[in-house]
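Note sheet for the following structure.
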Amino acid sequence: MKKTVEVSLLGQSFSVRSNKEERHVHAVASMVNRRIQDLKNAYPRKMSEQRAALLVALNLADDLLELESEMSDFRGDLRQKTQDILGKVQSAMGGSGSKAEEKVLEEDHEVVLATAQK
């Protein structure tokens, strides 16, 4: 259920509707404020609040894209390693496990992938 949370960004109040906990929304706003202030401190004469906010948005988007790429790589590696393990288990079972055994192994594989995606 969405809740309205009041936050302050660059000294302006905003009402944010979110499914997240209030503490999380405040932490996000705090991070944005901190990053904007860090940029303004690094470039005090040249950095307007608007410019700093836009650069922070670009930096956060870059961070997000990098994390999404890393997660995708991780999922691919996990999928491959899981397939390798399943192959070894099937081989150890004589290479021709029953359909029921293969179904159980396949379901376990999906549980591992679903857990990694969370």
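The values are calculated or read from the model by the stated rules, or taken from the named source; none is laboratory data. Note that the structure is a prediction, hence the values are computed from the model and not measured. Cβ placement follows ideal geometry from the backbone for every residue including glycine, while neighbour counts extend to all protein chains displayed.
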- request: For Arg75, work out the one condition from (1) within 28 Å of the chain's Cα centre (by Cα); (2) at pLDDT below 85 it doesn't fulfil.
  value: (2)
statement: Within region 32-64, residues being more than 22 Å from Ser13 (Cα to Cα) and not in a helix (DSSP H, G or I) number 4
- line: Only one of (1) in a helix (DSSP H, G or I); (2) closer than 30 Å to Lys2 by Cβ; (3) without any contact (Cβ under 8 Å) to a residue 12 or more places away in the chain does not apply to Lys20, and that is (1)
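Report yes if Asn59 is in contact with a strand residue (DSSP E or B) (Cβ under 7 Å, 6 or more places away or on another chain), surrounded by 12 or more Cβ atoms within 10 Å (Cβ to Cβ) and not β-branched (Val, Ile, Thr), otherwise no. Give the steps one after another, and end with the answer.
On the way: in contact with a strand residue (DSSP E or B) (Cβ under 7 Å, 6 or more places away or on another chain): no; surrounded by 12 or more Cβ atoms within 10 Å (Cβ to Cβ): yes; not β-branched (Val, Ile, Thr): yes.
No, not satisfied.
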